[in-house]
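Report on one structure; see the data block that follows.
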Amino acid sequence: MSYGPAPEGDAPVRDWIAQHGGTFGHYINGEWVAGTTTFEVLEPATGKSLANVAQGTTADVDAAVAAARAALPAWQALDDHARARWLYAIARGVQKHARAFAVLETLDNGKPVRETRDIDVPLVARHFSHHAGWAQLLDSEFPGYHAYGVVGQVIPWNFPLLMLAWKVAPALAAGNTVVLKPAEYTPLTAIRFAELLHEIGLPKGVFNLVTGDGSTGAAIVNHPGVDKIAFTGSTEVGRAIRVATAGSGKGLSLELGGKSPFIVFEDADLDSVVEGVVDAIWFNQGQVCCAGSRLLVQEGVADALFSKLRDRMERLRVGSPLDKAIDMGAIVAPVQLDRIRALCQQGIEEGATCWQPSWSAPQDGWFHPPTLFTNVAPSATIAQVEIFGPVLVSMTFRTPEEAVALANNTPFGLAASVWSENINLALDIAPKLKCGVVWINSTNLFDAAAGFGGYRESGFGREGGREGLWEYLKPSRAHEAAPLPAIAVGALASGEPLASGEAEASPLPAIDRTPKLFIGGKQARPDSGYTLPVRSLSGRLVGEVGEGNRKDIRNAVEAAQAASGWAKLSGHQRAQILYYLAENLSARRDEFAARIVSMTGDALVAGESEVEASISRLFTYAAWADKHDGAVHDVPLRGVALAMHEPMGVVGVACPDPYPLLGLVSLVAPLMATGNRVVAIPSERFPLAATDFYSVLETSDVPAGVVNLVTGSRDSLVRTLADHDDLEAVWYFGTHTGATAVEKASAANLKRTWTEWTGREWLDPRVGEGREFLRKAVQVKNIWIPYGE
Ligand code: NAI
């Protein structure tokens, strides 16, 4: 049996384009602004011209940012309910014009109207409606937080309207105003969306649209009037944006590429698997960042599955995306088609076996047949590089361990799909996968209530759900504290003896304690063989510490890597160790207080309050260790999404100078509580409280390698951390120059960074501890599991 064509009418949409004379401008400050130049937008299914669209200049971006800035006070002054009403109105507007949006998207992007009608556009409406809810609940659910301000958003072409919704809905719900740039291949639904907002009467300047290519995107990213950038697109551009925004203080979330594994165990239901594969890699022609593009099959069922797959591929229909009976439409642009073809060719040349159906894809647009590669080496280009097309690359494995190793053998970490009828096996594998989303016996499920986003080089930040909303909020409390004064040079110049405090008090020289580092649970001599003097604020020599170098940092990272068992302990067990640390610190309270004041020159009482605050802080995170729960997201599909808080892994920490003990404890304890391992650089000016802390760590059952401390020059040591590939994140509390360098260097493997150079009043628990720290210490993995009917 074969299907006849069932074309969707496109006349109303083509009429809409014609009514605009086929040319569209930017939408800035509630008005349409003609571009100084335009570019052509083509229809992927025919290669014909569809419209002309303005190419945004820096002047256009300036105007859009100014409009967004001007609109901000009134938009933020609205109460939650008023903003909720606007978001709800957008959701209703999208629903009312759903078919027009779906057809326009199909014309512009080339994806089947079946998908735009049944997936993209309903999810867009769902996103605005879900976020109307968050707008309504903002004050009660996010107290102490407020919007970033003006948000710049740059989105790709694979889900043009859906990516817009993922970005715009949370931004507006949180009280931000927006400047958005759609991808140059697919700007039309964003333009229609701006028109919808105009019809609804959204206050001018709240949403601004500037069309254009990458140079327009770069102008938004670099604009000093933008407070936060949210980007979805290629990892390459994401990296460039990380470098461009380094040190700017702008918030940043990146949703980048993937090479997601689709893992099939031999007890899986193979017929379901086949339909899963169709959705994983042939949905949207495989132009999906989380596409299940690597099929990993247990050896025993590989041949059976490949055979079923080839049968199914033979029956897939590729053709006009307006035909409601087709499975795959066109590739978005010739450059993408060429890239897919070139990668397939490379796969063949590298020795893999390529299989395509016997029929040919249409030739009049940019079509590519579904393609299956078998006999692929894990190191082959097609197994490593994101193809972003309908090309499935398969490999086999024998054991679950091998499956996990293959799955994680990629710098990406966006999503994974696990297929097995054995729930124990599936849920054993899910936590071992390094990625932000895991689908059990399902694939490519999305919902506004569940966060989406990557681990590793797939970017950072989440979109959707409560976790996604945090990306558009920042703490209301200012974190500024007075900087430390410089060391009193006058005191040194006056010839004051540079004796240690201990030596002064005694007629005999004190027994020297050789300064060391703390690596892998042991005190270790610095590789350099050098020591650094530690002076009090008045310039007195109060001791010495080891001068750590790159090698020490590398050794510390290695030790931390080896301590992976820490993440597997229960929250309760981690809490016990944090309590024990507090107990042992408490026993040496006076000694620590004296040490602190010997460096800072404060009155003893200041040292005592710092030690007391450090003990209390350890209690805080011991308390949190078994309470920083994830969530169960209620998604409108046959399942639930378990939003798990997972540790990032090994985290580098550069501590602030003031509060030498409390600063260290405030940063290390939340990371420990959440299962991370730490390589910390203590206060550079006052490191002695940290070196004293070694012995507290040694006597408190902290497993070797969980906390490593390397003293020395903060900004040069942290560079080694920021450059290190085996580190997942760096927290830096120092200078603006240092923060800029950390953010720039972090782009290499897209580490999560948290930088601050304004200083904090660490003694104040409202600023120095709590959920803000815990949230930064974890990443959310959403595991979709079948549940209920
Ligand atoms: P791209 O990353 O260049 O484009 C995405 C968006 O970024 C577009 O709006 C573009 O105009 C803008 N852009 C480009 N350069 C920019 C810059 N320097 N600063 C700011 N914005 C900039 O992706 P492209 O070239 O369209 O596709 C290339 C490959 O990227 C694809 O083959 C695919 O592998 C990957 N990709 C991944 C996506 C995802 O969802 N993860 C989406 C699109 C592409």
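The values are calculated or read from the model by the stated rules, or taken from the named source; none is laboratory data. Keep in mind that this is a model prediction, so the values were computed, not measured. When we count neighbours, we look across all protein chains shown, and the Cβ atoms used for this are built from the backbone with ideal geometry, even at glycine. Only protein heavy atoms, including side chains, enter the accessible area calculation; ligands, DNA and RNA are left aside. Shrake-Rupley method; radii C 1.70, N 1.55, O 1.52, S 1.80 Å.
Less than 12 Å Cβ to Cβ from Ala405, Lys/Arg counted +1 and Asp/Glu -1: what total charge do the surrounding residues give? Show your work: numbers first, answer last.
On the way: positive: Arg398, Lys432, Lys434; negative: Glu401, Glu402.
Here the count lands on +1.
Per-residue counts of other Cβ atoms within 10 Å, averaged by peptide: what ranking do you get for 708-716, 315-323, 568-576, 435-443, highest first?
Working: 708-716: 23.4, 315-323: 19.8, 568-576: 15.0, 435-443: 25.6.
Output ranking for 708-716, 315-323, 568-576, 435-443: 435-443, 708-716, 315-323, 568-576.
Hey, got a sec? Which chymotrypsin sites (Phe, Trp or Tyr not before Pro) in the range 705-789 land in a DSSP loop and have at most 10 other Cβ atoms within 10 Å?
Numbers: sites: Trp731, Tyr732, Phe733, Trp754, Trp757, Trp762, Phe773, Trp784, Tyr787; in loops: Trp757, Trp762, Tyr787.
Sparse-neighbourhood loop chymotrypsin sites (Phe, Trp or Tyr not before Pro): none present.
Write out the trypsin sites (Lys or Arg not before Pro) in the range 1-76 meeting two conditions: DSSP loop, and at most 12 other Cβ atoms within 10 Å of their Cβ. Walk me through the numbers on the way to the answer.
Values: sites: Arg14, Lys48, Arg69; in loops: Lys48.
In loop regions of the range 1-76 (DSSP not H, G, I, E or B), the sparsely surrounded trypsin sites (Lys or Arg not before Pro) are Lys48.
Compute the acute angle (0 to 90°) between the alpha-carbon long axis of helix 235-245 and the principal axis of greatest extent of the alpha-carbon atoms of the chain; round to the nearest 10°.
50
Just how far, in whole angstrom, is the range 103-126 from the range 147-187 if you go by their alpha carbon centroids?
For the range 147-187 versus the range 103-126, the Cα centre distance is 17 Å.
Over the chain, with the other protein chains present, what is the accessible area per residue in square angstrom, probe 1.4 angstrom? Each step should come with its number before you reach the end.
On the way: 29020 Å² over 789 residues.
Result: 37 Å² per residue.
Helix 736-746 against the longest principal axis of the chain: what's the angle in degrees, Cα atoms only, rounded to the nearest 10?
50
Using helices alone, I'd like the mean residue ellipticity at 222 nm for the chain: each DSSP H run of four-plus residues gives -39500 (n - 2.57), total over residue count, nearest 500. Before the final figure, lay out each step's value.
Working: 29 runs with 322 residues, N = 789.
When only DSSP H runs of four or more count, the value is -12500 deg cm²/dmol.
Which of rounded, prolate or oblate describes the range 706-789 when judged by the alpha-carbon gyration tensor and an a/c cut-off of 1.5? Each step should come with its number before you reach the end.
Details: a/c = 2.38, a/b = 1.46, b/c = 1.64.
Cα axes put the range 706-789 in the oblate bin.
With a sphere of radius 14 Å drawn around the Cβ of Val650, what net charge do the other residues whose Cβ falls strictly inside it have (Lys, Arg +1; Asp, Glu -1)?
Values: positive: Lys434, Arg456, Arg554, Arg677, Lys751, Arg752; negative: Glu558, Glu646, Asp723, Asp725, Asp726, Glu728.
Around Val650, the charge tally is 0.
Would you check the accessible area of Lys522, probe 1.4 Å, heavy atoms only, in square angstrom rounded to 10?
That residue has around 140 Å² of solvent-accessible surface.
Using the structure shown, list the pairs from Lys111/Lys744; Lys204/Lys259; Lys474/Lys627; Lys181/Lys324; Lys324/Lys781 with a Cα-Cα distance above 32 Å, or answer none.
Checking Cα-Cα distances, Lys111/Lys744; Lys204/Lys259; Lys324/Lys781 exceed 32 Å.
Taking Cα centroids, how far is the range 406-446 from the range 341-385 in Å?
Their Cα centres are 24 Å away from one another.
To the nearest 10 square angstrom, how much accessible area does Glu421 have with a 1.4 angstrom probe?
120
Return the whole-Å distance between the Cα centroid of the range 265-311 and the Cα centroid of the range 39-94.
Computed from Cα coordinates, the inter-centre distance equals 38 Å.
For the Cα atoms of the chain, what angle does the longest principal axis make with the long axis of helix 604-624, in degrees from 0 to 90, nearest 10?
Computed tilt is about 40 degrees.
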